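Contents: one structure, followed by commentary.
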Amino acid sequence: QVQVVESGGGLVQPGESLRLSCAASGSAVSRSIFSVAAMGWYRQTPGKQRELVADITRGRINYADSVQGRFAISRDNAKTTVYLQMNSLKPEDTAVYYCNLDLFELGNYWGQGTQVTVSS
């Protein structure tokens, strides 16, 4: 069994920062397995397609153009946790943010999402 849980969302003003966390757990999520897993942050607003924000697989990191230079994805394999540091937040960053864990042959898993709202 695998569980993926996001946290850290909230309401902030434009220009402020948030750090999202994604904790993976379960019998299949060992440190060694997690260390080679593909982790991604996605976001979605009502009526729009879910989009990739950032992903990290071992040393490979990718960012969406819209967040490049503002967001940073990182992982702590010992804690089986992935983070998304979001700086200089804009109203257009408002969305539900989802964490994805790809364990390859062991499966692909999504968290429940955490709401991020950027508004004055």
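The values are calculated or read from the model by the stated rules, or taken from the named source; none is laboratory data. From a predicted model like this one, the values you see are computed outputs, not experimental measurements. All Cβ positions, even for glycine, are placed from backbone atoms using ideal geometry, and neighbour counts span all protein chains on display. The area values use the complete protein model at the heavy-atom level, side chains included, leaving out ligands, DNA and RNA. Shrake-Rupley method; radii C 1.70, N 1.55, O 1.52, S 1.80 Å.
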>> Consider segment 1-20. How many of its residues are in a strand (DSSP E or B), under 12 Å from VAL82 (Cβ atoms), open to solvent by 30 Å² or more (accessible area, probe 1.4 Å) and not basic (Lys, Arg)?
In response: 2
> Are any of the residues in segment 29-47 within 17 Å of THR117 (Cβ to Cβ), without any contact (Cβ under 8 Å) to a residue 12 or more places away in the chain, in a loop (DSSP other than H, G, I, E, B) and open to solvent by 60 Å² or more (accessible area, probe 1.4 Å)?
Replying inline: yes
> If a residue has to be over 20 Å from VAL4 (Cα atoms) and either open to solvent by less than 20 Å² (accessible area, probe 1.4 Å) or assigned to a helix (DSSP H, G or I) (or both) to count, how many in segment 48-63 make the cut?
Replying inline: 0
> Across segment 72-92, what is the number of residues that are without any contact (Cβ under 8 Å) to a residue 40 or more places away in the chain and either under 16 Å from GLY10 (Cβ atoms) or crowded, with 21+ Cβ neighbours inside 10 Å (or both)?
Replying inline: 1
> Filtering segment 106-120 down to residues that are under 17 Å from TRP41 (Cα atoms) and part of a strand (DSSP E or B), which residue is most open to solvent (accessible area, probe 1.4 Å)?
Replying inline: TRP110
